[in-house]
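S.K.: For reference, the structure I am asking about is given below.
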């Protein structure tokens, strides 16, 4: 149950932080849209993410793992495109969002024990 809650809370906190830190790149209509976006991002990361990581394993090895940022940015952009009320503008914004999700996930994992 904690893992499911963390999979929802991390993207939710990341999109709110992204909207606060980069208001010209991220736009969320309201908290409901942020919650739907967090759910969509968690589902995309849980279903599509592992398939993309498996298919991109050779290029990930060549780039010493840096291609994971690109895969996370793609998942972030797909989830933002699917959810109405969430707008992520530019090519750099999904990368920033993916890095925010990773950083907030790292911070939250320090405080939440399974």
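S.K.: Consider residue 79 carefully, then state whether it is touching a helix residue (DSSP H, G or I) at 6+ places or on another chain (Cβ under 6 Å), part of a helix (DSSP H, G or I) and modelled with pLDDT under 90.
M.R.: yes
S.K.: Being at pLDDT below 85, surrounded by fewer than 17 Cβ atoms within 10 Å (Cβ to Cβ) and in a helix (DSSP H, G or I) is true for just one of 54, 106, 39. Which residue is that?
M.R.: Exactly one residue qualifies, and that residue is 106.
S.K.: Name the one entry in 46, 93, 14, 98 that is part of a helix (DSSP H, G or I) and touching a strand residue (DSSP E or B) at 6+ places or on another chain (Cβ under 9 Å).
M.R.: When all the criteria are applied, what remains is 93.
S.K.: Restricting to segment 27-43, count the residues that are within 17 Å of residue 105 (Cβ to Cβ) and in contact with a strand residue (DSSP E or B) (Cβ under 7 Å, 6 or more places away or on another chain).
M.R.: 2
S.K.: All but one of (1) closer than 25 Å to residue 20 by Cβ; (2) more than 9 Å from the chain's Cα centre (by Cα); (3) assigned to a helix (DSSP H, G or I) hold for residue 87; state the number of the condition that does not hold.
M.R.: For residue 87, the exception is condition (3).
S.K.: Continuing with this model, one more query. Yes or no: segment 53-65 includes at least one residue that is without any contact (Cβ under 8 Å) to a residue 40 or more places away in the chain, more than 17 Å from residue 9 (Cβ to Cβ) and within 16 Å of the chain's Cα centre (by Cα).
M.R.: yes
The values are calculated or read from the model by the stated rules, or taken from the named source; none is laboratory data. Just so we're clear, the structure is a prediction, and the values are computed from it rather than from any experiment. No Cβ is skipped: glycine too gets one built from the backbone with ideal geometry, and neighbour counts run over all protein chains shown.
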